[in-house]
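Quick one: this structure, given as structure tokens, is what I'll be asking you about.
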Amino acid sequence: MWPEDAIYLPWDIWLVTWIAAALWANRTLRRPGGLREWPYRILEYGGFAVLLGAFSETSDDFRRGVVDANPLAQRYWALPPNVGWIMVGLAVSGFLFCWWARLHLGRLWSGRVTRKEGHHVVNTGPYAIVRHPIYTGIILASVATMAEKGSGYALLGTAMIVLGYWLKARLEERILRAELGAQFYDDYARKTAMLIPFVRV
């Protein structure tokens with residue numbers, strides 16, 4: 001198996017296990033109106049489709065030297081196999097970071113921007129490194145996948161995912177400040193990076 005084929009395996013495993021674990025969560029007390037969620041959801045799901053979906057070139061096409069006239073379908077670089085396997089490892093690391101955060105958050109987790117029953121500021125474990133470690137892990141996996149694929153679609157899809165999770169994090173933080181108290185959340189935000197470790201935005 002080549003790394004450009006293997007890069008999909010961590011995504012498949014993460015998706016199946018993540019959906020299976022969705023039932024393990026507290027009751028939702030509040031969520032923002034649907035219109036406030038649409039921008040990040042379109043970017044998030046659209047980015048996954050563009051990065052991983054039917055628009056992507058196949059590894060067989062690349063190995064045969066097939067060139068598509070569409071600039072988004074072009075593959076602009078090819079990593080050596082050993083570097084490609086490092087990208088696969090980084091994708092796995094990203095999803096392991098997601099799962100560490102998911103397990104640490106426990107029943108407060110939600111796939112949508114919500115306030116859960118018993119919600120409070122979690123600032124330990126991976127949440128002491130970044131305020132949104134699940135998003136950070138998915139972004140790391142996306143960047144590693146983009147680096148391995150090297151196509152215009154991969155670049156576009158990753159940009160959409162990064163922007164989508166940044167918007168989602170901003171919306172989530174506005175709700176948490178309103179629901180849990182601005183002082184408590186601002187104290188946490190001053191000490192902890194948002195998405196990139198050590199980068200306080």
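Distance between the C-alpha centers of the stretch 124-201 and the stretch 5-25? Whole Å please.
Each part reduced to its Cα centre gives a spacing of 19 Å.
So, one more: Just to verify a number: FRET efficiency for residue 2 and residue 129, C-beta to C-beta distance, R0 = 30 Å, to 0.05? Mind dumping the intermediate values first?
On the way: r = 32 Å, r/R0 = 1.08.
So the FRET efficiency works out to roughly 0.40.
Also, I was wondering about something else. Hey, what do the phi angles of the stretch 167-179 turn into as Karplus ³J(HN,Hα) couplings, whole Hz, using 6.51/-1.76/1.60 and θ = phi - 60°, x for Gly and Pro?
So the J values, rounded to whole Hz, are 5, 5, 5, 5, 5, 4, 5, 4, 5, 5, 4, 5, 8.
Can you order the peptides 75-85, 169-179 by their average number of other Cβ atoms within 10 Å per residue, highest first? Walk me through the numbers on the way to the answer.
Details: 75-85: 13.5, 169-179: 16.7.
Ranking, from highest mean packing down: 169-179, 75-85.
Under a crude label model (7 Å from the Cα following the beta-carbon direction), how far is residue 200 from residue 82 in nanometres?
According to this spin-label approximation, the distance is 4.0 nm.
Normalised by the number of residues in the stretch 122-185, what is the relative contact order in percent for Cα pairs under 8 Å and 6+ residues apart? Working shown, then result.
Values: 21 pairs, mean separation 13.4, N = 64.
Averaging sequence separation for qualifying contacts and normalising by length gives 21 percent for the stretch 122-185.
Quick one: which residues, 5 or more positions from residue 151 or on another chain, have an amide H under 5 Å from its amide H? H modelled 1.01 Å from N in the peptide plane, none for Pro or chain starts.
The answer is 76.
I need the phi-derived Karplus couplings for the stretch 131-146: 6.51 cos²θ - 1.76 cosθ + 1.60, θ = phi - 60°, integer Hz, Gly and Pro marked x.
6, 9, x, 5, 5, 4, x, 5, 5, 4, 4, 5, 5, 5, 5, 4
On average over all directions, what projected area in square nanometres does the stretch 148-201 have, based on the convex hull of its Cα atoms?
On the way: hull surface 17.6 nm².
Projected area, direction-averaged: 4.4 nm².
With a point put 7 Å past each Cα toward its Cβ, work out how far residue 107 is from residue 69 in nm, to one decimal.
5.9 nm
Something else: Can you give the Rg to Rh ratio of the stretch 90-201, both from alpha-carbon atoms, with Rh computed by the Kirkwood formula?
Numbers: Rg = 14.4 Å, Rh = 14.6 Å.
Taking Rg over the Kirkwood Rh, I get 0.99.
How many nm is it between the label spots at residue 193 and residue 23, if each spot is 7 Å from the Cα in line with the beta carbon?
3.7 nm
Next question, about the same structure. So what J values fall out for the stretch 153-158 if you push phi through Karplus, 6.51 cos²θ - 1.76 cosθ + 1.60 with θ = phi - 60°, rounded to Hz, Gly and Pro as x?
4, 5, 5, 5, x, 5
Another question, then. For residue 42 and residue 93, calculate 0.36 nm times their separation in residues minus their Cα-Cα distance, and state this gained length in nm to one decimal.
Working: separation 51, 0.36 × 51 = 18.36 nm, distance 2.56 nm.
Extending this stretch completely gives an extra 15.8 nm.
Readers should treat all values here as calculations from the given coordinates under stated rules, not as data from a laboratory. Keep in mind it's a predicted model, so treat the numbers as computed, not measured. Using ideal geometry, Cβ is built from the backbone for each residue, glycine included, and neighbour counts are taken over all protein chains shown.
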